[in-house]
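Novice: To start, I am sharing the structure in question, which I have written as structure tokens.
Derivation of every value follows stated rules applied to the coordinates shown; laboratory data play no part. Just so we're clear, the structure is a prediction, and the values are computed from it rather than from any experiment. We place every Cβ from the backbone using ideal geometry, glycine too, and count neighbours over all the protein chains shown.
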Amino acid sequence: MPLGQVLYESGRTQSHVYFPTTSIVSLLYVMQNGASAEIAVVGNEGIVGVSIFMGGESTPSRAVVQSAGQGLRLPAQAMKEEFGRSDAVLHLLLRYTQALITQMAQTAVCNRHHSLDQQLCRWLLLSLDRLKGNELVMTQELIANMLGVRREGVTEGALKLQQAGLIRYARGRITVLDRLGLERRTCECYAVVKKEYDRLLPGARTA
């Protein structure tokens with residue numbers, strides 16, 4: 001799953017569901033003028049394509065690989081059959097969907113009420129939870145598209161975090177140096193989302 005790969009587009013019928021293993025996928029809402037903003041991230045704890053088993057077949061969002069890596073995919077029909085056949089699969093996927101809805105709702109609140117600095121910390125922590133290491137390969141332009149802000153704002157925010165000794169940013173690579181420092185600097189939204197994922201998916205393989 002290479003960086004920038006589009007797994008599905010807004011309004012298109014989805015042919016597969018995806019299970020990221022070492023990659024991270026961003027769910028983006030795209031406006032008519034081309035502007036976009038991230039509404040959720042999915043990593044090794046989840047599945048991309050919940051509309052398939054929820055009965056919608058498509059969604060107004062776009063799914064894009066934000067961190068390159070590996071993943072598994074399953075035909076949509078096979079996913080629907082398993083969802084209808086196995087109570088264990090059904091209940092697990094419904095719990096995951098509830099956690100995903102929480103992340104989407106908290107992202108909307110965060111984008112409205114918290115500073116870009118706090119949003120950037122939240123975004124870094126959510127991404128870090130879905131990776132094995134402490135490094136993200138990500139351009140400032142891509143981060144700006146995810147957060148729905150201007151690139152200059154991301155540059156300023158990343159510089160502040162670097163000056164505080166929390167991250168190192170160079171040539172599209174962000175290395176987190178002080179995770180606890182990021183957690184102290186971010187808003188309450190990160191903790192709300194993480195707590196709900198831990199409650200609903202205690203076996204998920206996030207950090």
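Novice: State, to one decimal in nm², a quarter of the convex hull surface area for the C-alpha atoms of segment 6-85, i.e. the direction-averaged projected area.
Specialist: 5.1 nm²
Novice: Multiplying the sequence separation of E156 and N134 by 0.36 nm and subtracting their Cα-Cα distance, what value in nm do you get?
Specialist: 5.8 nm
Novice: Based solely on its DSSP helices, what 222 nm [θ] is calculated for the chain when runs of n ≥ 4 H residues each add -39,500 (n - 2.57) and the sum is averaged over all residues, nearest 500 deg cm²/dmol?
Specialist: So the calculated ellipticity at 222 nm is -14500 deg cm²/dmol.
Novice: Can I ask one more? Hey, can you grab everything whose amide H is under 5 Å from the amide H of E57? Only 5+ residues off in sequence or another chain; H modelled, so Pro and N-termini drop out.
Specialist: The list, which skips near neighbours in sequence, is I52.
Novice: Also, I was wondering about something else. Looking at L124, V64, A105, which one has the Cα that reaches farthest to the positive end of the dipole of the chain (charges on Cβ: Lys, Arg +1; Asp, Glu -1)?
Specialist: L124
Novice: Test of understanding: ordering V192, V25, V89 by Cβ neighbours within 10 Å, fewest first, what list do you get?
Specialist: V89, V192, V25
Novice: Okay, moving on. Taking θ = phi - 60°, what integer Hz values does the Karplus form 6.51 cos²θ - 1.76 cosθ + 1.60 yield along segment 160-170, in sequence order, with x for Gly and Pro?
Specialist: 4, 5, 6, 5, 7, x, 8, 9, 10, 10, 7
Novice: Output ³J(HN,Hα) for segment 194-202: one whole-Hz value per residue in order, computed from phi by the Karplus curve 6.51 cos²θ - 1.76 cosθ + 1.60 with θ = phi - 60°, and x for Gly and Pro.
Specialist: With coefficients 6.51, -1.76 and 1.60, one gets 5, 4, 5, 5, 5, 6, 7, 10, x Hz.
Novice: If you project the alpha carbons of segment 112-200 onto their three principal axes, what span does each projection cover, largest first, in Å?
Specialist: Reported extents, whole Å, longest axis first: 37, 30, 22.
Novice: Taking +1 at the Cβ of each Lys and Arg and -1 at the Cβ of each Asp and Glu, which of F83, Q140, G165 sits farthest along the dipole of the chain towards its positive end, judged by Cα position relative to the Cα centre?
Specialist: Of the options given, the answer is G165.
Novice: Okay, next question. Please label the shape of segment 139-186 as rounded, prolate or oblate, based on the square roots a ≥ b ≥ c of the eigenvalues of the alpha-carbon gyration tensor (a/c under 1.5 means rounded; beyond that, a/b larger than b/c means prolate, else oblate).
Specialist: Note, shape of segment 139-186 comes out prolate.
Novice: Same structure again: What's the lysine pair count for the chain at a Cα cut-off below 26 Å, pairs eight or more apart or interchain?
Specialist: Taking the chain as the scope, the lysine pair count is 4.
Novice: Oh, and also: Please compute the length gained on full extension between R179 and A108, using 0.36 nm multiplied by the number of residues separating them and subtracting their Cα-Cα distance.
Specialist: The R179-A108 span can extend by a further 23.2 nm.
Novice: For F53, F19, which order do you get if you count the other beta carbons within 10 Å of each Cβ and list the fewest first?
Specialist: F19, F53
Novice: Can you list residues from other chains, or at least 5 along the same chain, whose modelled amide H is less than 5 Å from the amide H of S23?
Specialist: Placed amide hydrogens put Q70 under 5 Å from S23.
Novice: According to the square roots a ≥ b ≥ c of the eigenvalues of the Cα gyration tensor, what is the shape class of segment 56-207, taking rounded for a/c under 1.5, prolate for a/b larger than b/c otherwise, and oblate for the remainder?
Specialist: prolate
Novice: Now for a different question. Quick one: putting +1 on the C-beta of Lys and Arg, -1 on the C-beta of Asp and Glu, what dipole do you get for the chain around its Cα centre, in Debye to the nearest 20?
Specialist: 300 debye
Novice: When the Cα centres of segment 16-54 and segment 130-207 are compared, how far apart do they sit, in Å?
Specialist: 17 Å
Novice: Could you tell me which residue out of L182, Y8, G34 lies farthest along the dipole of the chain toward its positive end? Charges go on the beta carbon: Lys and Arg +1, Asp and Glu -1, centred on the Cα centre.
Specialist: Farthest towards the positive end: L182.
Novice: Only Lys, Arg, Asp and Glu count, each charged at its Cβ (+1, +1, -1, -1), so figure out the dipole size of segment 6-85 about its Cα centre, rounded to 20 debye.
Specialist: Once rounded to the nearest 20, the dipole reads 100 debye.
Novice: Under a point-charge model restricted to the Cβ atoms of Lys and Arg (+1) and Asp and Glu (-1), what is the dipole moment magnitude of segment 112-200 relative to its Cα centre, in debye to the nearest 20?
Specialist: With Lys and Arg at +1 and Asp and Glu at -1, about 100 debye.
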